[in-house]
Amino acid sequence: MGLIGGIIAFLGFMPYITTMVKGASRPSRASWAIWSVMGLVILGTYYASGARNNLPGTIALAIGPIVTFLFTIKYGEGGDNQFDKTCLIGAGVSVALWKGLNSPVLGLCGALITDFIGVLPTWRNFLKKGDQEQPEAWVIWSVANVFNMFTIEKFTIQDALYPTYYLVGTGISTFLVLHGHWRKKTNNATKEA
């Protein structure tokens, strides 16, 4: 299941990058910058904590954000406003605290907190202009994370925390994007009536 989830997760980046290049979405540079670093950190802490069942998904979610971030440099937005800067600083503080803990499980927890800080600029964009984000990638990532949940053999923190966090996070993101599209269609239908 972990390999299937990893492949599906990686495939989710293709429509995401395609819509970005076509100008249909303008992702948050701050989020993808944080996720690029945190993908590698989470991969390292997840592996160091002894968790192995979801490594394909973890690898996909380490490589994909790096590639996406490189595209956001040209096609993304933000990263220079006060909210994004605060999130970037918060992520940096969280990484510094994690490095001082010297515990892979606590490091994984700290990395996920930092990753959550990274989603805030994206969720803010979804709430402001959710209809500009294309839902296909978020739906694919949500499906991948359902598969990744089946990789949990023992419900220990190191095995369950990462896939559960991503399932919940992508689920919320998918909901916000779909809600933005629904809101736009409802507003357009009201204006036409």
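A few notes on this one:
- Residue in the range 43-53 that is over 24 Å from LYS22 (Cα atoms), among the β-branched types (Val, Ile, Thr) and touching a residue at least 60 places away in the same chain (Cβ under 8 Å) present: yes
- Filtered by the rule that a residue be open to solvent by 60 Å² or more (accessible area, probe 1.4 Å) and in a helix (DSSP H, G or I), the range 37-63 gives VAL37, LEU40, TYR47, ALA48, ILE59, ILE63.
- Filtered residues of the range 64-91 (kept if of a type in the set (Gly, Ala, Ser) and not in a helix (DSSP H, G or I)): GLY76, GLY78, GLY79
- Every pair of residues 6+ apart whose Cβ atoms lie under 7 Å, when the first sits in the range 19-34 and is on the phi > 0 side of the Ramachandran plot while the second is buried (at least 20 other Cβ atoms within 10 Å of the Cβ) and modelled with pLDDT of 90 or more: none
- The set of residues in the range 64-79 that are in contact (Cβ under 8 Å) with a residue 24 or more places away in the chain and open to solvent by 20 Å² or more (accessible area, probe 1.4 Å) comprises ILE66, VAL67, PHE69, PHE71, ILE73, TYR75, GLU77, GLY78, GLY79.
- In the range 1-36, the residue that is farthest from LYS85 (Cα to Cα) out of those that are outside any helix (DSSP H, G or I) and open to solvent by less than 10 Å² (accessible area, probe 1.4 Å) is SER25.
The values are calculated or read from the model by the stated rules, or taken from the named source; none is laboratory data. Small disclaimer: the values here were computed from a predicted structure and weren't measured. Virtual Cβ from ideal backbone geometry, glycine too; neighbours counted across all protein chains shown. The accessibility values were calculated without ligands, DNA or RNA, using every heavy atom of the protein model including side chains. Shrake-Rupley method; radii C 1.70, N 1.55, O 1.52, S 1.80 Å.
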